[in-house]
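Peer 1: Got a structure for you, questions after.
FYI, it's all coordinate maths here, none of it is from the lab. Keep in mind that what you see is a predicted model, and the values were worked out from it rather than measured. Note that we place each Cβ from the backbone using ideal geometry, even for glycine, and neighbour counts take in every protein chain shown.
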């Protein structure tokens, strides 16, 4: 649905003289268009003109393709309704009477309300929860209530365009939220187009699909939130370039960065729910869904889900893992460059599928105790506090739904993993991970309890008891996980569980010692941990490339790889890697604006080992210069290695066989190790001072603990990996077990097979197939 | 009919109106009993003198008071709607006085040439005066949004018009001057059955036209912007309000001279009785209440100091000014 309802051509508005000119805008159904701009910039005048309340000075306004001048007042009234700023003071009118005036364009000569009109009015009143005040005199209610009544009136008019002039000004937070939530619902449920003006920029950022900034007598900027809410632009729009901001708290804009284009698409996908979902009934019917929920965190959901993925895959089914929302720092980057939770990536491997962001459409990466970076469909959309996210979560339902539907199209069965406990009763509103998701995708649920931590009966039966009746019926079976010792001893326990819960126990799974990345958020507290895991930070460049370079580290259970894109996440890594980039100069600029540039430099003074691979290597140098069509584009690098890079058009692509020609700093003992890899780059890097050659063939240099190389796959050779990690771990006083490093694929397959075997032995697979609605081969 | 309270109010009004119509016909220098009145109206000519009194004097006067009172109240209601202000009325805005002035000027101009004015001429000249005064008020209101200033201007206009009227009346030299003088103070005396026919036709047409505005007036209560958004043709509505209120006020002035405060007070009295501002209730209600109050005031005007007749404006002022003031005080208290 992309039909424009309202459209202007060369519109000029104003009273005695022109206020704003050259307005060409399009208003689309199901979208919120926001006008921002300083006082007097013409927002209200534009709204009034669009609503046909004020005559345009020039140009044409089209309503559904017809010029608005050619339409009768009542015809316009059936399409456009308004909520304006002026206070209305209707004498002796009840709220209901005020709301009823919205039916004006539909009633007959004497304005008598028909039954139909009355039912629409009653419905609106009850939708907005205003039954209690509907008979009160309008003049006796609070301003917030009045605004709600005026909104209800506008809704009763059943418009296709709703125009609101500063709908939240003067309202307290409760009514603000109420009005904004209502607007979002209207847009989603009735596919109404909303145009509003607003002074609260923070609200505008969250509610808008499209933003128009008015100033200096014209549209200064138009676009998505990301495009318009740039610090420098907003500051100049409101003339606060040099003003102090100490009194307004967090600033309502994005910092001026370059990575807008891909984020915009996300934002669009993110806020515009598609109402015309293609045959979801069919998708649902053709693809059975098994959902694994746990009685608590770490009950072993991920592992059970991974094992089931492997079993179904080996039985010849196309199976896909899915988890709506993951909270983890340990993320995985897909081939397409999207970021997702590692647990689902592992499950995908178990399912013999390529990991895809659809398997984990929402990833929350905690920055600190208060905020998380929110990643939707693999792309970061911004930082939010927990409270903000809870408010936001509801809008993500379509995103989750779409991701799920994409998977369902290519799968015979989907194994869905829940998160935490499904009965966190205070958090269950708008749930999209546990039962809320189960209802959305009509999943059969298997509940997993952790006997190792004790209280298995309370865990399983208690959880069932706390579920809503409808949800409880979804639970088709129970699994007792992490059992140690003789399984026979628990036979009676199984009996009791089945009797008390009236659910089938699908199996008792023994405690498995496996080395699989099954945990989501093992490193939540990494910032504050002095000791503990060995952690590697990879700078998440906006145009990151060849991220598979770092997959090898996953063989080491104690090693965490974090993808970092802000200084606060960086903390104190044991090794920092600047990866390759598809656009080195732009990413280097981004390093500077994001504040990472300074943090990286200060880490280098502290002696942290810093690796630059390919584009990252170029950034370590003094200067990167690009000659494009005669124009020279140069950027100063991190100045950590005395090298200069000139980027030219010829792309170097070649296999590499060589060795470590020399090494400095902590890693000086790795000299001589043979390495294999490949080079893909478009630049030539040369030293301007004597420097230790790192990788042979002048493909890399090093000085102290700074190492730069063009060789991708540098860490892939087992020896390099083990030596480097050991050396660094020793230096940091951490213990890392490198015994597991073998041929990575073989090792992983072993682990997956152990898991599969264990589950096949302990679970009643026949029953699980029955629950899933598939036939066991 | 919006609610139960409105219905009860209407039943009450109809009952009072019937009583008042009877009382109005009964009272006067010759007392005629209620039964006799009912008897006479149903067509019996038992007592020729009483029959003549009723049919030639009291019945025309009563009917005129009924319709003109209703028209006056309706005019006030329309003006209050137009200005969205409770103290607007044909008298305070100087519209009645404007009509009075032009009628007086026309009369004297014609009398000096030995001609008498017919009722059509009276109404036309009154309408012209009403529109002129209204035009002045509108021009002021275009520049000044403040209602108090507007009212002051209206009252000043009224004074000027009255002063000029007094002046021309003083210097006119004709025996009809007494009539003119009485008329200029406001009175229902001397209205004959022919006048009554014209009055009924004009006011009934006016009432019907106002009833056609029920829907847009209802929407206009939320102010111009919202009304426009609901599809009301604001320009047409405003023009209709002005023209209709002027015609109604001019008609009253042409036949009975300026009558004060009925236009302002009646809408308020009705609102406090019915508890609603719905035009479906207000329009017929104002007409009936205006008729009732005017009948009542006319009765007092001609009976209290009989045989001397007091001008009706004196009675309406004494009775209705307290209503207006108490309403103003109440509103002010409610606002602050």
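Peer 1: Where Rh denotes the Kirkwood radius from the mean inverse Cα pair distance, what is Rg over Rh for chain B?
Peer 2: A ratio of 0.97.
Peer 1: For a quick size check, give me the Cα extents of the stretch A:19-158 along its three principal axes, largest first, whole Å.
Peer 2: On the principal axes, the stretch A:19-158 reaches 46, 34, 29 Å in Cα extent.
Peer 1: From the C-alpha coordinates alone, can you work out the Kirkwood hydrodynamic radius of the protein assembly as shown, in Å?
Peer 2: Every distinct Cα pair counted, the radius reaches 36.2 Å.
Peer 1: Now, a different point. Quick one: divide the alpha-carbon radius of gyration of the stretch A:628-697 by 2.2 N^0.38 Å and tell me what you get.
Peer 2: Numbers: Rg = 14.6 Å, N = 70, 2.2 N^0.38 = 11.1 Å.
Scaled against compact globular proteins, the figure is 1.32.
Peer 1: Can I ask one more? From the convex hull of the Cα coordinates of the stretch A:85-158, what is the mean projected area in square nanometres?
Peer 2: 4.9
Peer 1: Here is a further query. Could you tell me how far the Cα centroid of the stretch A:116-183 sits from the Cα centroid of the stretch A:391-425, in Å?
Peer 2: 33
Peer 1: Count, for each residue of B:202-215, the Cβ atoms from other chains sitting within 10 Å of its Cβ, then give me the mean as a whole number. Write out the running numbers ahead of the final one.
Peer 2: Values: counts 0, 0, 0, 0, 0, 0, 0, 0, 0, 1, 2, 1, 4, 7.
The per-residue average across the peptide is 1.
Peer 1: Report the antiparallel proportion of the DSSP beta bridges in the stretch A:534-732 as a percent, rounded to a multiple of 5. Present the calculation step by step, with values, prior to reporting the outcome.
Peer 2: Values: 29 of 50 bridges.
For the stretch A:534-732, the DSSP antiparallel bridge percentage is about 60.
Peer 1: Give me the orientation-averaged projected area of the Cα convex hull of the stretch A:3-47, in nm², one decimal.
Peer 2: Projected over every direction and averaged, the Cα hull of the stretch A:3-47 covers 3.4 nm².
Peer 1: Would you mind checking the tilt of helix A:596-605 against the longest principal axis of the Cα atoms of chain A, expressed as 0 to 90 degrees and rounded to 10?
Peer 2: The angle comes out near 30 degrees.
Peer 1: Hey, fewest Cβ within 10 Å first, where do B:91, B:142 land in order?
Peer 2: B:142, B:91
Peer 1: With the crude spin-label approximation of a point 7 Å out along Cα→Cβ, what separation in nm comes out for residue A:498 versus residue A:116?
Peer 2: The answer from the label model is 6.0 nm.
Peer 1: Quick check: convex hull of the Cα atoms in the stretch A:15-86, volume per residue, rounded to a whole Å³?
Peer 2: Here the figure is 118 Å³ per residue.
Peer 1: Let me ask another. Using a Förster distance of 30 angstrom, determine the FRET efficiency expected from the C-beta separation of residue A:726 and residue A:753, and round it to 0.05.
Peer 2: 0.55
Peer 1: Among A:597-604, A:431-438, what's the highest-first ranking by average C-beta atoms within 10 angstrom per residue?
Peer 2: The packing order, highest mean first, is A:431-438, A:597-604.
Peer 1: Given 5 Å bins starting at zero, what is the percent of C-alpha pairs of the stretch B:35-122 in each, up to the one with the largest pair distance?
Peer 2: Histogramming the stretch B:35-122 at 5 Å steps yields 3, 12, 13, 12, 13, 13, 12, 11, 9, 2, 0 percent.
Peer 1: Using only the alpha-carbon atoms, how far is helix A:115-127 inclined from the longest principal axis of chain A? Give it as 0 to 90 degrees, nearest 10.
Peer 2: Relative to chain A, helix A:115-127 is tipped by roughly 40 degrees.
Peer 1: Now a separate question. Among A:312, B:305, what is the fewest-to-most ranking by other Cβ atoms within 10 Å?
Peer 2: B:305, A:312
Peer 1: Can you compute the helix-only [θ] at 222 nm over chain A? Use -39500 (n - 2.57) per DSSP H run of at least 4 residues, normalise by all residues, nearest 500 deg cm²/dmol. Working shown, then result.
Peer 2: Numbers: 26 runs with 251 residues, N = 777.
Helices in chain A give a 222 nm mean residue ellipticity of -9500 deg cm²/dmol.
Peer 1: Another question, if that's okay. Roughly how tilted is helix A:143-156, in degrees to the nearest 10 and between 0 and 90, from the longest Cα axis of chain A?
Peer 2: 80
Peer 1: If you take each beta carbon of peptide A:46-55 and count the beta carbons of other chains within 10 angstrom, what is the mean?
Peer 2: On the way: counts 0, 0, 3, 0, 0, 3, 3, 7, 2, 0.
Rounded to a whole number, the mean comes out at 2.
Peer 1: Under the definition of partner shielding as Cβ atoms of other protein chains within 10 Å of a residue Cβ, what is the mean value for peptide A:87-93?
Peer 2: Mean number of neighbouring Cβ atoms from other chains: 6.
Peer 1: Tell me the Kirkwood hydrodynamic radius of the stretch B:202-261 in angstroms, computed as one over the mean inverse distance between distinct C-alpha pairs.
Peer 2: Numbers: mean 1/r = 0.0793 Å⁻¹.
Value: 12.6 Å, from the Cα pair sum.
Peer 1: Considering only chain A, what is the antiparallel percent among its DSSP beta bridges, to the nearest 5?
Peer 2: The antiparallel proportion sits near 50 percent.
Peer 1: How big, in percent, is the set of alpha carbon pairs in the stretch A:135-255 lying more than 19 Å apart?
Peer 2: 54
Peer 1: Next question, about the same structure. Taking 20 °C and 1.002 mPa s as the conditions, I'd like the Stokes-Einstein D for the stretch A:534-732 in µm²/s, using the Kirkwood hydrodynamic radius from alpha carbon pairs.
Peer 2: D, rounded to a whole number, is 129 µm²/s.
Peer 1: Here is a further query. Order of B:232-240, A:47-55 by packing, highest average Cβ count within 10 Å first?
Peer 2: A:47-55, B:232-240
Peer 1: Now for a different question. How would the stretch A:659-777 be classified by its alpha-carbon gyration tensor: rounded, prolate or oblate, with rounded meaning a/c under 1.5 and the a/b versus b/c comparison settling the rest?
Peer 2: prolate
Peer 1: Could you tell me the calculated FRET efficiency between residue A:55 and residue A:689, based on Cβ-Cβ distance and R0 = 60 angstrom, to the nearest 0.05?
Peer 2: Using R0 = 60 Å, I get an efficiency of 0.25.
Peer 1: Sort B:74, A:596, A:721, A:196 by Cβ crowding within 10 Å, fewest neighbours at the top. Could you put the intermediate results ahead of the total?
Peer 2: Values: B:74 30, A:596 23, A:721 20, A:196 26.
Exposure proxy ranking, most exposed first: A:721, A:596, A:196, B:74.
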